[in-house]
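Student: Starting off with a structure, shown below.
No lab work stands behind these numbers, since they all come straight from the coordinates. Just so you know, these numbers come straight off a predicted model, no measurement behind them. Cβ placement follows ideal geometry from the backbone for every residue including glycine, while neighbour counts extend to all protein chains displayed.
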Amino acid sequence: MSSRRSSSSRASTMSEDEIITDLVLKLQALLPQLNPRKPSRAQASKVLKETCSYIRKLEKEVDDLSGRMSQLLDTIDPNNQDFDLDSIRRSLLQI
Amino acid sequence: MSATTEQLERNFTHRFLTSLRRINSPDSKTTTTHAAGLVIRRRSLRIKRAAYSSMARAAGSHRAWTRALLSRARSQRRRQQHDVHRRRQGREMGRAGKLRGLVPGGSRMEMGQLLEETAHYVQCLAVQVRVMQAVADHFSSSSSM
């Protein structure tokens, strides 16, 4: 886990990182259980359900952010000072 | 963040910003006879499409979900549809039916591949959201100056 995130004020993103790691580990852990052994059906179903909820949540965020960005594009300078990759990458590092 | 995730983030950010520049260029703006709300809504769909396509390209064609997403976008462009991410029913209901409907190309995958593609898709979606958040925050702080 990136240590720079621990000093961030955006606690929600830090826990999302943990959620992702958790889901990924769990999904990977499911793979060996596809053999004829008896896996815990309840556990696997729960992970599948959580994964679906998480995907839907992320997709909704994409929708919301697209809407917000569309409104914001009216407010910025089309001379593209605001499309500066380095400024945005600096913002990313602070998340 | 791992090195590959950083690279993905850089790659996606670059492609996405390039698309945004194009979407925001004066030549692409529709006439002002359209209601402002409609312009904003249409542009929001273009931005969303650009986000998913940019991520699929940044993630690379060795993934089945990226190929499925880009091919769906191409066929929808031909049919003049707007929503590149329209939900489809998973053809096989089973326990993973809903998941198959959510992951691009999921209905054609066998279980092992589906889970692996899902894990990758989720990681990429999270990067996509994180970058879009940073871009939106950057624009909003720029405009308040």
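Student: Quantify how strongly other chains surround peptide B:114-120 by giving the mean number of their Cβ atoms within 10 Å of each of its Cβ atoms.
Tutor: That works out to 5 on average.
Student: With the crude spin-label approximation of a point 7 Å out along Cα→Cβ, what separation in nm comes out for B:Arg67 versus B:Thr18?
Tutor: 2.3 nm
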